[in-house]
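The values are calculated or read from the model by the stated rules, or taken from the named source; none is laboratory data. These figures come from a predicted structure and were not determined experimentally. FYI the Cβ positions are ideal-geometry reconstructions off the backbone, even for glycines, and counts take in every protein chain you see. For accessibility, only protein heavy atoms count, side chains too; no ligands or nucleic acids. Shrake-Rupley method; radii C 1.70, N 1.55, O 1.52, S 1.80 Å.
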Amino acid sequence: MPPLSTSAAGVRQAAFRFRCIACGDLSDRASQDFRCPHCGDLLEITYPDWKESGSVAQDLKNSWRQRRLSQAAIDQSGVWRFRELLPALANDQQAITLREGNTPLYELPQCAHITGVPRLFAKHQGLNPTGSFKDAGMTVASTFARLAGFRWVACASTGNTSASMAAYAARGGMRSLVLVPEGKISWSKLSQALDYGAVTCQLRTDFDGCLRLLQELVLRAPVYQLNSINPFRLEGQKTLALELLEQLDWQPPDHIIVPGGNLGNSSAIGKALVEMRDLGLISRLPKLSVIQAEGANALVRTLREAGGKRLISVQAETRATAVRIGNPASWKKAIYVLEATGGACEQVSEIEIAQAKAEIGAEGIGCEPASAVTLAGLKKLVKQGFVKPGESVVLVLTGNLLKDPDFTMGFHRGDLFKGTADENASVALNSLRRPPMVLDATLEAVTGVLEQAEK
Ligand code: F0G
């Protein structure tokens with residue numbers, strides 16, 4: 001018999017409804033494309049009974065802490081541990097979980113020195129079961145897919161969503177269909193989807209083309225869509241912020257910095273921060289800032305050139321393939337959380353991304369290129385005076401170093417920027433490169449290298 005889970009005194013899991021982010025329409029049901037039947041905009045999940053829970057913040061905190069001693073699968077999940085703030089399950093056994101979440105918060109002393117921000121931390125979501133933050137959303141959304149009776153789940157992806165979806169579908173006894181842009185995702189991510197049994201289609205288009213097709217497909221075929229348009233995904237991804245605040249003893253940092261691609265994650269973290277404030281779990285909001293690659297800067301341009309009023313799509317191009325997205329689905333949600341928390345939106349170059357990635361790697365932590373935009377962005381925000389040296393900053397590292405070994409090898413071997421406009425500028429990064437050496441198998445050769453490295 002599975003061990004029993006623990007529950008908070010006087011606090012129950014939440015009944016939920018869908019709310020359209022544009023016209024506010026409330027509904028108990030969502031169509032398969034998760035769009036408002038009236039105006040076509042995105043839906044979010046809302047909890048009508050929550051106001052009464054305002055007085056129980058301390059009960060919640062105690063209960064969440066207590067669950068860390070439990071042997072029950074649902075309590076060992078760093079997502080479902082916070083289930084009072086998630087859509088309710090009829091029973092704990094319904095959750096499909098790989099014990100996701102529970103990711104460490106690291107100090108970054110060397111990067112703190114580089115940026116001049118002494119209180120600098122990394123919340124490393126790359127240490128999730130499939131190596132990215134997607135698992136936190138996928139445990140919730142795949143659970144609700146199975147509860148809705150679907151046999152097939154599907155997503156469009158730059159790689160991490162598909163790896164995560166395939167794993168959770170397999171654990172939950174469902175089939176999975178993956179649509180990825182041909183040639184534009186890393187082998188590591190693609191190989192995960194294959195091993196977890198997904199039917200994998202490499203489409204001759206980009207991520208945005210894959211997502212467009214998926215949106216049509218789910219209206220015609222009985223497949224459940226697991227992109228971050230699906231609001232259950234964002235509910236799971238909210239728990240990153242809950243876990244982070246618990247790790248900081250509920251003292252909010254001054255800044256949280258996240259990469260922006262399709263803009264689901266920033267929206268989810270921002271939603272969590274606002275909910276935590278409204279429920280009395282924290283007393284003030286950290287500023288949530290979003291950083292994009294220059295070549296995939298739709299949100300930056302939308303804010304600068306259209307005042308955030310209409311989306312300016314771009315033809316995305318960046319080596320940080322996880323965020324190679326030009327038409328971000330959750331742009332309105334992201335703008336809402338930027339405004340609600342007073343955060344900034346910045347862009348960083350390919351060289352800045354490569355440098356930041358190597359600097360995080362040199363701390364013994366490592367991440368994939370898309371995650372490193374956070375450190376590169378922080379440097380800019382410090383320069384602009386938006387982040388002050390005395391303030392505390394948390395970078396959200398979204399994916400594991402092992403997700404994109406080609407980028408890392410290219411960087412250290414020195415071919416990452418060969419033949420590109422950045423080739424000359426990339427010479428400035430040479431001191432960070434640690435290329436592997438091929439030597440004769442002699443003591444002299446190896447001691448020679450040691451002596452050289454000491455200089
Ligand atoms: N970092 C990594 C490692 C990602 O994989 C993604 C998105 C992001 C950042 C951006 O997050 O889209 O919520 O703004 N990857 C998606 C995928 C699109 O298909 O794996 P976002």
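Numbers at a glance
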| read-out | value |
| --- | --- |
| Dipole of the chain, positive direction: furthest Cα of His412, Val56, Pro252, with charges on the beta-carbon | Val56 |
| Solvent exposure ordering (accessible area, 1.4 Å, most first) of Cys39, Cys345, Cys210, Cys201 | Cys39, Cys201, Cys345, Cys210 |
| Potential lengthening between Asp41 and Ala57 on full extension [0.36 nm per residue; Cα-Cα distance subtracted] | 2.5 nm |
| For segment 206-303, the fraction of alpha-carbon pairs in successive 5 Å shells from zero, as % | 2, 12, 19, 19, 16, 13, 9, 6, 3, 0 |
| Most to least packed among 20-33, 59-72, 348-361 [average Cβ atoms within 10 Å] | 348-361, 59-72, 20-33 |
| Dipole in debye (nearest 20) - the chain, about Cα centre, beta carbon charges: Lys, Arg +1; Asp, Glu -1 | 960 |
| Leading residue at positive end of dipole, the chain (Cβ point charges), from Tyr336, Val117, Ala362 | Tyr336 |
| Scattering curve values for segment 254-316, log₁₀ I(q)/I(0), Debye with Cα scatterers, q = 0.28 Å⁻¹ | -1.16 |
| Two-site label geometry, Gln251 and Leu402: point separation in nm, points 7 Å out along Cα→Cβ | 3.5 |
| Cα-centred dipole magnitude for segment 172-249, charges only on beta-carbon of K, R (+1) and D, E (-1), debye, nearest 20 | 420 |
| Stokes-Einstein D (µm²/s) once Rh is taken as the Kirkwood radius of segment 73-138 over alpha-carbon pairs, at 25 °C in 0.890 mPa s | 182 |
| Relative contact order (%) - criterion: Cα under 8 Å, at least six apart; region: segment 292-359 | 38 |
| Cα coordinate range in the chain, projected on the principal axes (Å, largest first) | 68, 53, 47 |
| Förster radius 22 Å - calculated FRET efficiency between Met409 and Asp195, Cβ distance, rounded to 0.05 | 0.55 |
